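The values are calculated or read from the model by the stated rules, or taken from the named source; none is laboratory data. Treat the numbers as computed from the prediction; the structure is a model and nothing was measured. When we count neighbours, we look across all protein chains shown, and the Cβ atoms used for this are built from the backbone with ideal geometry, even at glycine. Please note that ligands, DNA and RNA were not included when accessible areas were found on the heavy atoms of the full protein model with its side chains. Shrake-Rupley method; radii C 1.70, N 1.55, O 1.52, S 1.80 Å.
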Amino acid sequence: PLSPAAVVGAGLGGSAAAYFLQQHFGPQVQLDVYEAAALGGRLATVTVNKQQYESRGASIHALSLHMQDFVKILGLKHRREVAGKSAIFSGEHFVLEETDWYLLNLFRLWWHYGISFLRLQMWVEEVMEKFMRIYKYQAHGYAFSSLEELLRSLGGEAFVNMTQRSVAESLLEVGVTQRFVDDVIAAVLRSSYGQSVLVPAFAGAMSLAGAQGNTWAVEGGNKLVCSGLLKLTKANVISARVTGISLHSSEGRALYQVHYESAEGQGSAFYDMVVVTTPLHPSRSNFTFENFDPPIADFPGAFQPSVTSVVHGYLNSSYFGFPDPKLFPFTSILTTDTPDLFFHAMDNICPVNISAAFRRKQPQEAAVWRVLSQQPLDKHQLKTLFRSYYSVQVTEWQTYPRYDAAKALPPIVLHENLFYLSGVEWVASSMEMIAVAAKNVALLAYNRWHQDLEKIDQKDLMHKVKTEL
């Protein structure tokens, strides 16, 4: 039997991995989860006027089945939707505005962009439909030892190629026009990844699926999923920063020594199995692996800096061409890829706890806006977006992989029972992608531990799963 196992990181990846490991190995497995900062990782909130607001990772796609499951199991609720309109700003004018009337919106898109809109929908739908196969595979206990194998089983070589070529290239190929790519696709990718249409096609498809409206969030904050899963698994959370892992062997089996630094000083502990859910990139963590032969190599690739500014203030609507703030109709502003635009997106955000009586602030009132940008905003930039403001809270992240430098995908298996979860973000970065990867790692760990090779990297799974039913 597996005795102690360690999970490094208590963000969504770590808490989901702990939950799934316990589901598969059973309640007797002893789980230590190491986290240097707050539970929830990037799922964090900031407080303005005694109310909490999501500072990042705000929306979850309707088809996120694992996230839906977590919310159900934990007895959490979906946050009440507060309607609002969005528009795409070019720095000079709005290239696309949403209206109250859905059909008119479609007509506008149609008028502006012709069939591009339809082709985009069909492309995203096809990708999502194939991606959804993963739930069936996982329900039957199948796992994949590499990201390439996982993608191949869902959509063949075409899916693997989608991690190596840009979303722009893929869309132009299916007949979407350059203008639609520049106006609409660029704006969506800037608001989700803070990057351009050179993002790989697969990551792009996932982000565009989320932009189609049917998204939700957790009442009280998405981070409640992480603390909830850890509580449910009764994991032993150790407040410490893991500095490295060294390999020892006992009775022919690998034993991993996890080295860490906590407030009490340095320590270490031994485990049969370790899942690392923090990014192993030199720019992000100085993590060492000792006694591994062959050595565990450095991971290529860089991360995109991104800045979230939560501003409580009065929008300067005249910058957007509305001298009278009362007439400003938008709660969410996306931007095109224009050199002099200093922000990626901004939205008028609602608190994580929304009462039935809650109403959104009118545009002429002071509201809480979340502004996403690559660099921290300077005084002049803040004054451009806001007539005046009470407070600004800035969070700087190295959130997403820098996708333009697409390389080979990182491995999942680092050693016999040593696994790496965060590499999945190089395929696409969303809460559900991380949950899918966590379930895959737990199944992979379980199948390898029990030498059940029939359940790993199987070919023609669609057929196998059909016959198993």
- Item | Residues in region 240-263 reached by a label modelled at residue 293 [backbone nitrogen below 14 Å; 7 Å Cα→Cβ] | 247-249
- Can you give the relative contact order of the chain as a percent, counting alpha carbon pairs under 8 Å and 6+ residues apart? 26 percent
- Query: Check residue 244: other-chain or 5+ apart residues with amide H under 5 Å from its amide H, H built from backbone geometry?
  - Reply: 259, 288
- Shape call, the chain: gyration tensor on alpha carbons, a/c limit 1.5: prolate
- Query: So what J values fall out for region 128-135 if you push phi through Karplus, 6.51 cos²θ - 1.76 cosθ + 1.60 with θ = phi - 60°, rounded to Hz, Gly and Pro as x?
  - Reply: 5, 4, 6, 4, 4, 4, 4, 5
- Task: State the Cα centre-to-centre distance between region 307-373 and region 395-440 in whole Å.
- Result: 31 Å
- By how many nm would the segment from residue 174 to residue 239 lengthen if fully extended, with 0.36 nm per residue of separation less the alpha-carbon distance? 18.5 nm
- Heavy-atom accessible area per residue - the chain, 1.4 Å, Å²: 44 Å²
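How much of the DSSP bridge set in the chain is antiparallel, in percent, rounded to the nearest 5? Mind showing how you got there, number by number?
Values: 57 of 80 bridges.
Beta bridges within the chain, antiparallel portion: roughly 70 percent.
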- Message: At 1.4 Å probe size, put 65, 2 in order of accessible surface, largest to smallest.
- Response: 65, 2
- With a/c under 1.5 counting as rounded, go ahead and sort region 418-469 into rounded, prolate or oblate using the C-alpha gyration tensor (a ≥ b ≥ c being the square roots of the eigenvalues; past the cut-off, prolate if a/b is larger than b/c, else oblate). oblate
- Task: Sticking with the crude label model, points 7 Å out along Cα→Cβ, report the distance from residue 103 to residue 51 in nm, one decimal please.
- Result: 3.5 nm
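What percentage of the solvent-accessible surface of region 387-429, computed with a 1.4 Å probe over protein heavy atoms, is contributed by carbon and sulfur atoms?
Values: 840 of 1730 Å².
Answer for region 387-429 is 48 percent, counting heavy atoms of protein chains only.
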- Per its Cα gyration tensor (rounded if a/c is under 1.5, else prolate when a/b beats b/c, else oblate), region 39-175 is best filed as oblate
- Derived scalar couplings ³J(HN,Hα) [region 225-234; Karplus, 6.51 cos²θ - 1.76 cosθ + 1.60; whole Hz; x for Gly, Pro]: 5, 5, 4, x, 5, 5, 5, 4, 7, 6
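So, R0 is 22 Å and r is the distance between the beta-carbons of residue 164 and residue 196; what FRET efficiency does that work out to, to 0.05? Present the calculation step by step, with values, prior to reporting the outcome.
Details: r = 16 Å, r/R0 = 0.75.
Here the calculated transfer efficiency is 0.85.
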- Rounded to the nearest 500, what is the chain's calculated 222 nm mean residue ellipticity when only DSSP H runs of at least 4 contribute -39500 (n - 2.57) each, over all residues? -9000 deg cm²/dmol
- Message: Heavy atoms only, 1.4 Å probe, whole protein assembly: order 373, 250 by accessible area, highest first.
- Response: 250, 373
- Message: Under 5 Å between amide hydrogens, which residues at least 5 positions from residue 30 or on another chain qualify, with H placed 1.01 Å from N in the peptide plane?
- Response: 5
- Any chance you could check the Cα centroid distance between region 1-50 and region 164-230 for me, in angstrom? 26 Å
- Note on the structure: Amide H contacts under 5 Å for residue 377, restricted to residues at least 5 apart in sequence or on another chain and with H modeled in the peptide plane, are none
- Message: Testing the spin-label approximation: label points 7 Å from Cα along Cα→Cβ at residue 3 and residue 269. State their distance in nm.
- Response: 1.3 nm
- Could you go through region 238-245 in sequence order and give the Karplus-derived ³J(HN,Hα) for each residue, using 6.51 cos²θ - 1.76 cosθ + 1.60 with θ = phi - 60°, rounded to whole Hz, and x for Gly and Pro? 10, 7, 7, 9, 6, 9, x, 9
- Item | In nm, spacing of pseudo-spin labels at residue 133 and residue 283 (7 Å Cα→C-beta vector) | 3.3 nm
